[in-house]
Amino acid sequence: TMLGYTDEEFPDVLESWASRLHPADAGRVFAALTAHLERHEPYDVEYRLLTKAGTYGWFQARGQAIWDETGRMTRMAGSLRDVTDRKQAEDALRRNEQLLQTVADNTTAVIYVKDTDGRFLFINRRFEQMFHLTTQQIIGHTNHEIFPREIADAFRANDLQVLERNRTVEYEEQAPHEDGLHTYLSIKFPLCDHTGKPYATCGISTDITERKCIEQNLRSH
């Protein structure tokens, strides 16, 4: 019924199921089945089956075999659950995450997200390039674990102000580079849950050091 077939179209034989298993999933599914039958590993797999409509749906299969005293399998019972909606939602979320990361990684701005405790949740590639750090060295860490104390104190103070005001704020911030301090124009805004309470801050920072130097030279003349 889940697949849309009649009893005549889907007789009670293994081939009815096996012939409709997605070719890309077959090897993984039969390996899991073999592991359960031979090594008594849990059988809990997700795979695609061809429906009467000609499309593949996602299903979760769980099973438990019974063995006799000689170790021979005598029976196997299980359940099949349609998880197509969940898999489609997961795929959509994954695509959105990939879209966000791709957009963030192809900008000259430094983009980052920190939780309310100041720990980094997200950074883009520009952040890694500017400060010669990897994602693993940054995610889960605070400003004070990455930058000099005075710089980190300033970043944290601005982040807390954004959380307190619960609105977008623009700052000029300084960050250390190999050739000295650079000035950034940072737009920081809160990320809020469904109640409107901030759970993180997002920042988009653009290096304006060159512009600041030009402005200072013009003023000096």
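The values are calculated or read from the model by the stated rules, or taken from the named source; none is laboratory data. None of these values were measured; they are calculated from a predicted model. Virtual Cβ from ideal backbone geometry, glycine too; neighbours counted across all protein chains shown. Heads up: the accessible areas ignore ligands, DNA and RNA and are worked out on the full protein's heavy atoms, side chains in. Shrake-Rupley method; radii C 1.70, N 1.55, O 1.52, S 1.80 Å.
Summary table
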quantity: With Cα atoms, 0 to 90° folded angle of helix 209-220 axis to the chain main axis; calculated: 10
quantity: Accessible surface of C213 - all protein chains present, 1.4 Å probe, nearest 10 Å²; calculated: 60
quantity: Surface/4 estimate of mean projected area, convex hull on alpha-carbon atoms of the stretch 1-111, nm²; calculated: 10.0
quantity: Dipole magnitude (debye, nearest 20) for the stretch 113-162, charges at Cβ of Lys, Arg, Asp, Glu; calculated: 160
quantity: Rel. contact order, % - alpha carbon contacts under 8 angstrom, at least six apart, the stretch 83-221; calculated: 21
quantity: Projected area, mean over directions - the chain, Cα convex hull, nm²; calculated: 20.1
quantity: Local electrostatic count, G78, Cβ distance below 15 Å [Lys/Arg +1, Asp/Glu -1]; calculated: -2
quantity: Rg/Rh ratio calculated on Cα atoms of the stretch 49-160 (Kirkwood radius); calculated: 1.30
quantity: The stretch 44-64-the stretch 157-221 distance, computed between alpha-carbon centres (Å); calculated: 49
quantity: The stretch 29-114: GluC sites (Glu not before Pro) in DSSP coil with no more than 10 other Cβ atoms inside 10 Å; calculated: E69
quantity: Nearest-10 value in Å² for the accessible area of D207, using the 1.4 Å probe; calculated: 60
quantity: DSSP-loop trypsin sites (Lys or Arg not before Pro) across the stretch 5-46, with at most 15 other Cβ within 10 angstrom; calculated: none
quantity: Residue among D105, D117, D68 with the largest mean-square fluctuation in a Gaussian network model of the chain, springs linking Cα atoms under 10 Å; calculated: D68
quantity: Interchain or long-range residues, amide H under 5 Å from Y184's placed H; calculated: E173, Q174, A175, I208
quantity: Semi-axes of the equivalent ellipsoid for the stretch 135-221, Cα gyration tensor, largest first, Å; calculated: 27, 17, 10
quantity: Nitroxide proxy distance, nm - points 7 Å out along Cα→Cβ at H141 and T6; calculated: 6.6
